[in-house]
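One structure is given below, encoded as C-alpha coordinates.
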Amino acid sequence: MVQAKMKAVLYRGPGKVEIAEIAVPSICPGDILVKVKVALTCGTDVKTFKRGHHLLTPPSVFGHEFAGDIAAVGKDVNCFSEGMRVVAANSAPCNTCFFCKRGKHNLCENIFFNWGAFAEYIRVPARIVRQNVHLIPPGLSYREAALVEPLACVILGSEAADIQLGDTVVIAGGTGPIGLMHLQLALHRGARQTIVIGLKDERWTVAGELGASHLIDAETEDPVSRVEELTEGRGADVVIESAGLPQVWELSLELVRKGGRIVFFGGPPQGTTVSLNTDRLHYGDLTIKGVFHHTPRTVEKALSLLASGVVKAAPLISAELPLERLEEGLQMMREGRAVKVAILP
Ligand SMILES: [Zn+2]
Ligand SMILES: [Zn+2]
(Lines give C-alpha, C1' and ligand atoms only; values in the text may rest on other atoms or scores of the structure.)
(Ligands and ions follow the chains in the order given, each with its own letter.)
Protein backbone atom coordinates (compact mmCIF):
# COMPACT_ATOMS: atom_id res chain seq x y z
CA MET A 1 0.00 0.00 0.00
CA VAL A 2 1.33 3.42 -0.96
CA GLN A 3 0.92 6.14 1.64
CA ALA A 4 -1.17 9.25 0.81
CA LYS A 5 1.44 11.91 1.53
CA MET A 6 5.13 12.14 0.72
CA LYS A 7 8.13 14.38 1.15
CA ALA A 8 9.20 16.29 -1.94
CA VAL A 9 11.43 19.24 -2.70
CA LEU A 10 9.59 22.10 -4.36
CA TYR A 11 11.25 24.60 -6.64
CA ARG A 12 9.82 27.99 -5.67
CA GLY A 13 11.76 30.25 -8.07
CA PRO A 14 15.42 31.11 -8.67
CA GLY A 15 17.50 30.38 -5.57
CA LYS A 16 14.53 28.98 -3.66
CA VAL A 17 13.82 25.35 -2.91
CA GLU A 18 12.03 23.89 0.08
CA ILE A 19 11.02 20.53 1.40
CA ALA A 20 7.25 20.03 1.60
CA GLU A 21 4.68 17.41 2.37
CA ILE A 22 2.53 16.85 -0.72
CA ALA A 23 0.14 14.23 -2.08
CA VAL A 24 1.67 11.14 -3.65
CA PRO A 25 0.95 11.47 -7.40
CA SER A 26 -2.05 9.48 -8.62
CA ILE A 27 -1.58 7.34 -11.72
CA CYS A 28 -3.60 6.72 -14.89
CA PRO A 29 -4.15 3.23 -16.37
CA GLY A 30 -0.93 3.24 -18.41
CA ASP A 31 1.32 4.84 -15.79
CA ILE A 32 3.54 3.49 -13.08
CA LEU A 33 4.45 4.95 -9.71
CA VAL A 34 8.09 4.59 -8.69
CA LYS A 35 9.46 4.80 -5.17
CA VAL A 36 12.62 6.82 -5.73
CA LYS A 37 15.72 5.14 -4.28
CA VAL A 38 18.25 7.55 -5.74
CA ALA A 39 17.94 10.82 -7.64
CA LEU A 40 21.01 12.50 -9.09
CA THR A 41 21.65 16.22 -9.24
CA CYS A 42 22.31 17.43 -12.75
CA GLY A 43 23.57 20.59 -14.43
CA THR A 44 20.00 21.34 -15.51
CA ASP A 45 18.85 21.29 -11.87
CA VAL A 46 21.67 23.65 -10.94
CA LYS A 47 20.69 25.98 -13.80
CA THR A 48 17.02 25.79 -12.75
CA PHE A 49 17.96 26.59 -9.15
CA LYS A 50 20.10 29.50 -10.29
CA ARG A 51 17.99 31.15 -12.97
CA GLY A 52 14.80 29.14 -13.50
CA HIS A 53 13.75 26.87 -16.35
CA HIS A 54 11.48 27.93 -19.22
CA LEU A 55 9.37 24.79 -18.86
CA LEU A 56 8.99 24.90 -15.10
CA THR A 57 6.40 27.13 -13.41
CA PRO A 58 6.99 27.42 -9.68
CA PRO A 59 6.00 26.02 -7.29
CA SER A 60 6.88 22.74 -8.90
CA VAL A 61 8.50 19.43 -8.16
CA PHE A 62 11.73 18.94 -10.07
CA GLY A 63 14.69 16.58 -10.59
CA HIS A 64 14.68 14.11 -13.48
CA GLU A 65 17.46 11.53 -13.05
CA PHE A 66 16.33 8.70 -10.83
CA ALA A 67 16.08 4.99 -10.24
CA GLY A 68 13.84 3.09 -7.84
CA ASP A 69 11.28 0.38 -7.21
CA ILE A 70 7.85 0.18 -8.80
CA ALA A 71 5.32 0.97 -6.07
CA ALA A 72 2.16 0.72 -8.17
CA VAL A 73 1.18 0.00 -11.77
CA GLY A 74 -1.87 1.22 -13.69
CA LYS A 75 -4.40 -1.42 -14.73
CA ASP A 76 -3.28 -1.34 -18.39
CA VAL A 77 0.41 -1.94 -17.66
CA ASN A 78 1.39 -5.48 -18.59
CA CYS A 79 5.16 -5.57 -18.78
CA PHE A 80 5.96 -4.20 -15.33
CA SER A 81 4.85 -5.12 -11.85
CA GLU A 82 5.19 -3.89 -8.30
CA GLY A 83 8.60 -4.32 -6.71
CA MET A 84 10.65 -4.29 -9.94
CA ARG A 85 13.86 -2.24 -9.91
CA VAL A 86 13.60 0.28 -12.72
CA VAL A 87 15.16 3.34 -14.25
CA ALA A 88 13.19 5.75 -16.44
CA ALA A 89 14.14 8.56 -18.78
CA ASN A 90 12.48 11.97 -18.34
CA SER A 91 10.64 11.98 -21.66
CA ALA A 92 9.57 9.83 -24.59
CA PRO A 93 8.76 10.77 -28.18
CA CYS A 94 5.25 10.61 -29.71
CA ASN A 95 6.44 8.66 -32.79
CA THR A 96 3.87 10.35 -35.03
CA CYS A 97 5.04 13.95 -35.50
CA PHE A 98 7.11 15.40 -38.37
CA PHE A 99 10.44 14.89 -36.55
CA CYS A 100 9.69 11.46 -35.09
CA LYS A 101 8.76 10.22 -38.58
CA ARG A 102 12.16 11.39 -39.78
CA GLY A 103 13.96 9.51 -37.03
CA LYS A 104 14.73 12.64 -34.99
CA HIS A 105 12.92 11.48 -31.87
CA ASN A 106 15.01 13.86 -29.75
CA LEU A 107 13.27 16.76 -31.52
CA CYS A 108 9.72 15.39 -31.06
CA GLU A 109 7.19 18.22 -31.36
CA ASN A 110 5.02 16.72 -28.65
CA ILE A 111 7.73 16.14 -26.12
CA PHE A 112 7.01 16.70 -22.45
CA PHE A 113 9.37 16.39 -19.53
CA ASN A 114 8.69 14.38 -16.44
CA TRP A 115 9.90 16.17 -13.33
CA GLY A 116 9.69 15.19 -9.70
CA ALA A 117 12.62 12.89 -8.93
CA PHE A 118 13.50 14.86 -5.77
CA ALA A 119 10.63 13.23 -3.91
CA GLU A 120 9.74 9.94 -2.30
CA TYR A 121 7.57 8.91 -5.26
CA ILE A 122 7.41 9.89 -8.91
CA ARG A 123 4.70 9.17 -11.45
CA VAL A 124 5.98 7.90 -14.79
CA PRO A 125 3.44 8.64 -17.56
CA ALA A 126 2.28 5.93 -19.97
CA ARG A 127 4.26 7.16 -22.97
CA ILE A 128 7.51 6.90 -21.02
CA VAL A 129 6.45 3.53 -19.55
CA ARG A 130 5.99 2.14 -23.06
CA GLN A 131 9.34 3.35 -24.41
CA ASN A 132 11.82 4.51 -21.81
CA VAL A 133 11.46 2.47 -18.63
CA HIS A 134 13.98 -0.32 -18.16
CA LEU A 135 14.62 -2.99 -15.57
CA ILE A 136 17.92 -2.39 -13.80
CA PRO A 137 20.20 -5.35 -14.53
CA PRO A 138 21.44 -7.28 -11.49
CA GLY A 139 24.81 -5.97 -10.40
CA LEU A 140 23.99 -2.36 -11.27
CA SER A 141 23.12 -0.17 -8.28
CA TYR A 142 20.32 2.38 -8.25
CA ARG A 143 22.79 5.25 -8.19
CA GLU A 144 24.70 3.91 -11.20
CA ALA A 145 21.47 3.21 -13.10
CA ALA A 146 20.23 6.75 -12.46
CA LEU A 147 22.94 8.01 -14.80
CA VAL A 148 21.03 6.57 -17.79
CA GLU A 149 19.32 9.81 -18.81
CA PRO A 150 22.32 12.15 -19.06
CA LEU A 151 24.42 9.37 -20.58
CA ALA A 152 21.76 8.84 -23.25
CA CYS A 153 22.18 12.50 -24.22
CA VAL A 154 25.97 12.18 -24.24
CA ILE A 155 25.76 9.11 -26.48
CA LEU A 156 23.83 11.13 -29.06
CA GLY A 157 26.54 13.81 -28.87
CA SER A 158 29.36 11.29 -29.11
CA GLU A 159 27.78 9.74 -32.19
CA ALA A 160 27.53 13.20 -33.76
CA ALA A 161 31.24 13.73 -33.05
CA ASP A 162 31.96 10.58 -35.05
CA ILE A 163 35.23 9.92 -33.22
CA GLN A 164 37.59 7.72 -35.24
CA LEU A 165 40.30 5.35 -34.06
CA GLY A 166 43.41 7.37 -33.25
CA ASP A 167 41.69 10.76 -33.09
CA THR A 168 42.70 13.61 -30.82
CA VAL A 169 39.60 14.75 -28.96
CA VAL A 170 39.33 17.95 -26.96
CA ILE A 171 36.59 18.12 -24.36
CA ALA A 172 36.08 21.73 -23.39
CA GLY A 173 34.28 21.98 -20.07
CA GLY A 174 35.45 18.48 -19.47
CA THR A 175 35.57 18.37 -15.68
CA GLY A 176 31.78 18.47 -15.29
CA PRO A 177 29.63 15.31 -15.38
CA ILE A 178 28.76 15.67 -19.08
CA GLY A 179 32.40 16.21 -20.06
CA LEU A 180 33.50 13.23 -17.99
CA MET A 181 30.98 11.01 -19.77
CA HIS A 182 32.16 12.33 -23.16
CA LEU A 183 35.69 11.50 -22.06
CA GLN A 184 34.81 7.89 -21.27
CA LEU A 185 33.01 7.46 -24.60
CA ALA A 186 35.89 9.07 -26.55
CA LEU A 187 38.30 6.60 -24.96
CA HIS A 188 35.95 3.73 -25.73
CA ARG A 189 35.67 4.87 -29.35
CA GLY A 190 39.45 4.67 -29.71
CA ALA A 191 40.65 8.25 -29.30
CA ARG A 192 44.45 8.27 -29.07
CA GLN A 193 44.67 11.56 -27.24
CA THR A 194 42.01 13.03 -24.97
CA ILE A 195 42.54 16.60 -23.88
CA VAL A 196 40.28 17.91 -21.14
CA ILE A 197 39.93 21.65 -20.58
CA GLY A 198 38.38 22.45 -17.24
CA LEU A 199 38.60 24.18 -13.93
CA LYS A 200 41.09 23.06 -11.33
CA ASP A 201 38.52 22.37 -8.64
CA GLU A 202 37.73 19.21 -6.67
CA ARG A 203 36.63 17.45 -9.87
CA TRP A 204 39.96 17.95 -11.64
CA THR A 205 41.48 14.63 -10.57
CA VAL A 206 38.49 12.60 -11.76
CA ALA A 207 39.30 13.38 -15.41
CA GLY A 208 42.85 12.05 -14.89
CA GLU A 209 41.63 8.96 -13.09
CA LEU A 210 39.25 8.21 -15.95
CA GLY A 211 42.13 8.29 -18.41
CA ALA A 212 42.37 11.80 -19.90
CA SER A 213 45.80 12.08 -21.51
CA HIS A 214 46.13 15.85 -20.91
CA LEU A 215 44.44 18.30 -18.59
CA ILE A 216 44.39 22.02 -19.32
CA ASP A 217 43.51 24.50 -16.59
CA ALA A 218 41.15 26.98 -18.26
CA GLU A 219 42.03 29.69 -15.75
CA THR A 220 45.81 29.68 -15.86
CA GLU A 221 46.74 28.14 -19.20
CA ASP A 222 46.10 29.16 -22.79
CA PRO A 223 44.09 26.28 -24.26
CA VAL A 224 44.82 27.30 -27.87
CA SER A 225 48.61 27.15 -27.60
CA ARG A 226 48.50 24.03 -25.42
CA VAL A 227 46.31 22.18 -27.95
CA GLU A 228 48.59 23.39 -30.78
CA GLU A 229 51.62 22.00 -28.93
CA LEU A 230 49.91 18.65 -28.49
CA THR A 231 48.78 18.37 -32.12
CA GLU A 232 51.85 19.51 -34.09
CA GLY A 233 50.22 22.88 -34.61
CA ARG A 234 47.19 21.51 -36.42
CA GLY A 235 44.47 21.43 -33.78
CA ALA A 236 42.26 18.57 -32.64
CA ASP A 237 40.32 16.22 -34.89
CA VAL A 238 37.26 16.64 -32.71
CA VAL A 239 36.21 19.29 -30.19
CA ILE A 240 33.27 18.66 -27.89
CA GLU A 241 31.96 21.75 -26.12
CA SER A 242 30.33 20.71 -22.87
CA ALA A 243 30.57 23.88 -20.83
CA GLY A 244 27.54 25.61 -22.35
CA LEU A 245 29.37 28.94 -22.38
CA PRO A 246 29.33 31.24 -25.44
CA GLN A 247 33.04 32.05 -25.07
CA VAL A 248 33.83 28.32 -25.10
CA TRP A 249 31.67 27.85 -28.21
CA GLU A 250 33.80 30.51 -29.90
CA LEU A 251 37.02 29.06 -28.52
CA SER A 252 36.15 25.65 -30.04
CA LEU A 253 36.86 27.04 -33.53
CA GLU A 254 40.40 27.91 -32.46
CA LEU A 255 41.00 24.41 -31.10
CA VAL A 256 39.86 22.26 -34.02
CA ARG A 257 42.02 21.32 -37.02
CA LYS A 258 41.07 22.01 -40.63
CA GLY A 259 38.50 19.47 -41.74
CA GLY A 260 37.70 18.71 -38.10
CA ARG A 261 34.43 18.35 -36.27
CA ILE A 262 32.89 20.38 -33.47
CA VAL A 263 29.95 19.29 -31.37
CA PHE A 264 28.22 22.03 -29.42
CA PHE A 265 26.80 19.97 -26.61
CA GLY A 266 26.45 22.41 -23.71
CA GLY A 267 23.42 24.70 -23.88
CA PRO A 268 24.07 28.40 -23.10
CA PRO A 269 21.19 30.46 -21.62
CA GLN A 270 18.20 31.09 -23.92
CA GLY A 271 18.70 33.90 -26.38
CA THR A 272 22.51 33.65 -26.42
CA THR A 273 24.29 34.45 -29.67
CA VAL A 274 27.92 33.76 -30.53
CA SER A 275 30.21 35.07 -33.25
CA LEU A 276 32.10 32.51 -35.27
CA ASN A 277 35.34 33.05 -37.13
CA THR A 278 34.14 32.59 -40.72
CA ASP A 279 37.69 32.12 -42.09
CA ARG A 280 38.17 29.12 -39.90
CA LEU A 281 34.73 27.78 -40.64
CA HIS A 282 34.79 28.25 -44.41
CA TYR A 283 38.46 27.76 -45.36
CA GLY A 284 38.88 25.23 -42.59
CA ASP A 285 36.10 23.06 -44.01
CA LEU A 286 34.68 22.50 -40.54
CA THR A 287 31.72 20.39 -39.56
CA ILE A 288 29.76 21.87 -36.69
CA LYS A 289 26.85 20.12 -35.04
CA GLY A 290 24.45 21.06 -32.28
CA VAL A 291 23.02 18.18 -30.29
CA PHE A 292 20.04 18.01 -27.97
CA HIS A 293 18.46 15.43 -25.69
CA HIS A 294 18.17 11.69 -26.28
CA THR A 295 16.12 9.02 -28.05
CA PRO A 296 14.77 5.65 -26.85
CA ARG A 297 17.64 4.02 -28.75
CA THR A 298 20.32 5.96 -26.87
CA VAL A 299 18.51 5.43 -23.54
CA GLU A 300 18.68 1.68 -24.10
CA LYS A 301 22.31 1.94 -25.16
CA ALA A 302 23.18 4.01 -22.08
CA LEU A 303 21.89 1.31 -19.77
CA SER A 304 23.91 -1.37 -21.56
CA LEU A 305 27.12 0.73 -21.39
CA LEU A 306 26.61 1.23 -17.65
CA ALA A 307 25.78 -2.44 -17.03
CA SER A 308 28.87 -3.59 -18.93
CA GLY A 309 31.14 -1.09 -17.17
CA VAL A 310 32.17 0.70 -20.39
CA VAL A 311 30.98 3.88 -18.71
CA LYS A 312 31.76 4.11 -15.03
CA ALA A 313 29.17 5.96 -12.98
CA ALA A 314 30.83 5.69 -9.56
CA PRO A 315 33.59 8.31 -10.16
CA LEU A 316 30.90 10.82 -11.21
CA ILE A 317 28.97 10.59 -7.96
CA SER A 318 30.97 12.52 -5.39
CA ALA A 319 28.60 12.55 -2.43
CA GLU A 320 25.37 11.25 -1.02
CA LEU A 321 22.82 13.45 0.79
CA PRO A 322 19.29 13.03 2.16
CA LEU A 323 16.43 14.79 0.37
CA GLU A 324 16.34 17.52 3.02
CA ARG A 325 19.84 18.60 2.01
CA LEU A 326 19.26 18.86 -1.73
CA GLU A 327 20.06 22.58 -1.77
CA GLU A 328 23.49 21.83 -0.33
CA GLY A 329 24.02 19.22 -3.08
CA LEU A 330 23.12 21.76 -5.78
CA GLN A 331 25.55 24.27 -4.24
CA MET A 332 28.31 21.65 -4.18
CA MET A 333 27.81 21.04 -7.89
CA ARG A 334 27.61 24.71 -8.69
CA GLU A 335 30.90 25.41 -6.91
CA GLY A 336 32.66 22.46 -8.50
CA ARG A 337 32.99 20.62 -5.19
CA ALA A 338 31.06 17.64 -6.57
CA VAL A 339 30.60 16.13 -10.02
CA LYS A 340 27.14 14.85 -9.13
CA VAL A 341 25.39 14.23 -5.83
CA ALA A 342 23.17 11.24 -5.10
CA ILE A 343 20.03 12.33 -3.27
CA LEU A 344 18.36 9.69 -1.13
CA PRO A 345 14.66 10.40 -0.41
ZN1 LIG B 1 19.95 15.74 -16.28
ZN1 LIG C 1 7.11 13.20 -32.06
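The values are calculated or read from the model by the stated rules, or taken from the named source; none is laboratory data. Because the structure is a prediction, the values reported are computed rather than measured. Virtual Cβ from ideal backbone geometry, glycine too; neighbours counted across all protein chains shown.
Pick out the one residue from VAL24, VAL86 that is of a type in the set (A, V, I, L, M), free of Cβ contacts under 8 Å to residues at least 60 places away in the same chain and more than 16 Å from ligand 2 (Cβ to nearest atom). Step through it out loud before you land on a result.
Details: VAL24 fails: free of Cβ contacts under 8 Å to residues at least 60 places away in the same chain.
VAL86 is the lone residue from the list that is of a type in the set (A, V, I, L, M), free of Cβ contacts under 8 Å to residues at least 60 places away in the same chain and more than 16 Å from ligand 2 (Cβ to nearest atom).
Does the range 87-114 hold any residues that are in a loop (DSSP other than H, G, I, E, B) and within 16 Å of ligand 1 (Cβ to nearest atom), and which are they?
ALA89, ASN90, SER91, ALA92, ILE111, PHE112, PHE113, ASN114
Taking the range 81-112 on its own, how many of its residues are among the aromatic types (Phe, Trp, Tyr) and either crowded, with 16+ Cβ neighbours inside 10 Å or touching a strand residue (DSSP E or B) at 6+ places or on another chain (Cβ under 6 Å) (or both)? First the steps, then the outcome.
Residues of the range 81-112 among the aromatic types (Phe, Trp, Tyr): 98-99, 112.
Filter again for either crowded, with 16+ Cβ neighbours inside 10 Å or touching a strand residue (DSSP E or B) at 6+ places or on another chain (Cβ under 6 Å) (or both), leaving 99.
So the count comes out to 1.
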* Selected residue (only one of GLU254, GLU320, GLU327, GLU232 is farther than 23 Å from ALA207 by Cα and either in a helix (DSSP H, G or I) or in contact with a strand residue (DSSP E or B) (Cβ under 6 Å, 6 or more places away or on another chain) (or both)) -> GLU327
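Within the range 24-50, can you find the residues that are more than 16 Å from ligand 1 (Cβ to nearest atom) and not in a strand (DSSP E or B)? Walk me through how you get there before you give the answer.
Filtering the range 24-50 for residues more than 16 Å from ligand 1 (Cβ to nearest atom) gives 24-35, 37.
Hits for the range 24-50 are VAL24, PRO25, SER26, ILE27, CYS28, PRO29, GLY30, ASP31.
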* Could you give every pair whose Cβ atoms fall below 9 Å, whose first residue belongs to the range 178-199 and is under 27 Å from VAL341 (Cβ atoms), and whose second residue is modelled with pLDDT under 95 and of a type in the set (Val, Ile, Thr), counting only separations of at least 6 or pairs across chains? -> VAL196/THR175; ILE197/THR175; GLY198/THR175; LEU199/THR175
* Residues (in contact with an Asp or Glu (Cβ under 6 Å, 6 or more places away or on another chain), on the phi < 0 side of the Ramachandran plot and not charged (D, E, K, R)) located in the range 219-261 -> VAL224, VAL238, VAL248, TRP249, SER252, GLY260
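Condition first: of a type in the set (S, T, N, Q) and outside any helix (DSSP H, G or I). Now tell me which residues in the range 167-205 satisfy that.
Going residue by residue through the range 167-205, those that are of a type in the set (S, T, N, Q) are 168, 175, 184, 193-194, 205.
Of everything in the range 167-205, those that are of a type in the set (S, T, N, Q) and outside any helix (DSSP H, G or I) turn out to be THR168, THR175, GLN193, THR194.
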* Asked: Within the range 27-65, how many residues turn out to be in contact (Cβ under 8 Å) with a residue 60 or more places away in the chain and surrounded by fewer than 15 Cβ atoms within 10 Å (Cβ to Cβ)?
  -> 5
* Before we move on, is ALA126 more than 30 Å from GLU250 (Cβ to Cβ) and crowded, with 21+ Cβ neighbours inside 10 Å? -> no
